[in-house]
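The values are calculated or read from the model by the stated rules, or taken from the named source; none is laboratory data. This is a predicted model, so every value here is computed, not measured. Cβ atoms come from the backbone with ideal geometry, glycine included; neighbour counts cover every protein chain shown. Heads up: the accessible areas ignore ligands, DNA and RNA and are worked out on the full protein's heavy atoms, side chains in. Shrake-Rupley method; radii C 1.70, N 1.55, O 1.52, S 1.80 Å.
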Amino acid sequence: MTETETEGEGEPEHRRLLVAGTGIAGLTAAIYAARSNHDPLVIEGDEPGGQLTLTTDVANYPGFPEGITGPELIERMKTQAERFGAETRHGVVERVDDSTRPFEVELAGGDVLTADAVIAASGASARTLGVPGEDELMGYGVSTCATCDGAFFRDQELVVVGGGDAAMEEATFLTKFASKVYVVHRREGFRAEDYWIDRVEEQVDAGEIELVRNAEVTAIEGTPEGGIEGVSLVRHPEGHPTEKLDDPRTEEFEMDVGGVFIAIGHTPNTGYLEGTGVEMDDTGYIATEGGAGGGQTRTAVPGIFGAGDVVDHHYQQAITAGGMGCKAAIDADDYLESLGGRAAEGTAVAAAESDD
Ligand SMILES: Cc1cc2nc3c(=O)[nH]c(=O)nc-3n(C[C@H](O)[C@H](O)[C@H](O)COP(=O)(O)OP(=O)(O)OC[C@H]3O[C@@H](n4cnc5c(N)ncnc54)[C@H](O)[C@@H]3O)c2cc1C
């Protein structure tokens, strides 16, 4: 018998609601769902607490005028969810089978559960460079979120890595605080929209931004105690210098900066929904109904809801993720109520959908 089978019956453990993710969205959903007596099971994934656990200071989450550390905010939310009866559990959701009702949910390691409703709150992972110093200094001078951390770098010279819209937006935003922003991009041309390139060019003319083209960061130097000391880079006149390290035209150089913002995109964590009817938008994020009124977090599969950064490729803030988690729990509550007593009996898909 696997860990999740019900004692004596050999049946998989059944839950009314399963939440994938213990970031802000998943924990907020858990608080609301627990208070609606849906006994939610929240699966942590391989990053318990989500992205906020990567940051030392959260200064913009309402209700904490002195700020709060990411891990503490998450721990408080987890305690709050558990106080109302939510259960958090180690594990990673590997697969959801939406061809049956209840849904069949398989965890890494092979355990299988069933659930009447699922909230996908599995977030998005910022892509990183994979260079020495990056992991150790994440949260200590290296950041993937200018909106979140920019204000900690007043009057410092900063590097933004990337060439898309996000990098241009972050660089423009950081000029509010930094004495100078260097945008390091591995090619000559930027793939950002003209709107953002024009804004950056204005800042270049004003001396606030400098473009470092055809260059890549190869190492970040510093210590968690002392912060960033500088970055090492390579440059090649035809771009993609790390692929041309043996070429004599590749030059190595250093930059003395106080912070590094990596803006090379996010990858939404949706692998476990492959093969389901849940639809994704062009950029791979879960498509939800959106709009005004109830049901905004519904996906294309009745009973599966999406919340937080796995849906939102724009706002990507703790407060917005929490707001969506709340909406998803309320939408799931409506859905579960519409199933009534049939939910626990594993009513067939067609019946559930025809009531939706
Ligand atoms: C360095 C940094 C600093 C930030 N600072 C701030 C700030 O100061 N203020 C602010 O408002 N925002 C900040 N943000 C943004 C904020 O952290 C995110 O917007 C927010 O965490 C999104 O919450 P989420 O719950 O949607 O996703 P996430 O926080 O990404 O959480 C996703 C959760 O899903 C889990 N998961 C993933 N895949 C699976 C799976 N297959 N099965 C089960 N679980 C899974 C993960 O383990 C994780 O628990 C920061 C982000 C970063 C990276």
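In table form, for the structure just shown:
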quantity	calculated
Qualifying residue in the stretch 161-181 (condition: in contact with a His (Cβ under 9 Å, 6 or more places away or on another chain), among the β-branched types (Val, Ile, Thr), open to solvent by 10 Å² or more (accessible area, probe 1.4 Å) and closer than 19 Å to Glu210 by Cβ)	yes
Residue within the stretch 35-53 that is in the same structural domain as Arg89 (by TED's automatic domain parsing), among the acidic types (Asp, Glu) and more than 9 Å from the ligand (Cβ to nearest atom) present	yes
Residue pairs meeting the criteria (Cβ under 6 Å; at least 6 apart or on separate chains; first over 14 Å from Val92 (Cβ atoms), in the stretch 37-53; second at pLDDT below 95 and more than 8 Å from the ligand (Cβ to nearest atom))	Thr53/Pro71
Counted residues, the stretch 264-299 - those being at pLDDT 95 or above, open to solvent by less than 40 Å² (accessible area, probe 1.4 Å) and of a type outside the set (Phe, Trp, Tyr)	12
Residue within the stretch 11-20 that is in contact (Cβ under 8 Å) with a residue 24 or more places away in the chain, open to solvent by 20 Å² or more (accessible area, probe 1.4 Å), of a type outside the set (Val, Ile, Thr) and near the ligand (Cβ under 8 Å from one of its atoms) present	no
Qualifying residue in the stretch 74-84 (condition: among the polar types (S, T, N, Q), open to solvent by 60 Å² or more (accessible area, probe 1.4 Å) and within 30 Å of Ile31 (Cβ to Cβ))	yes
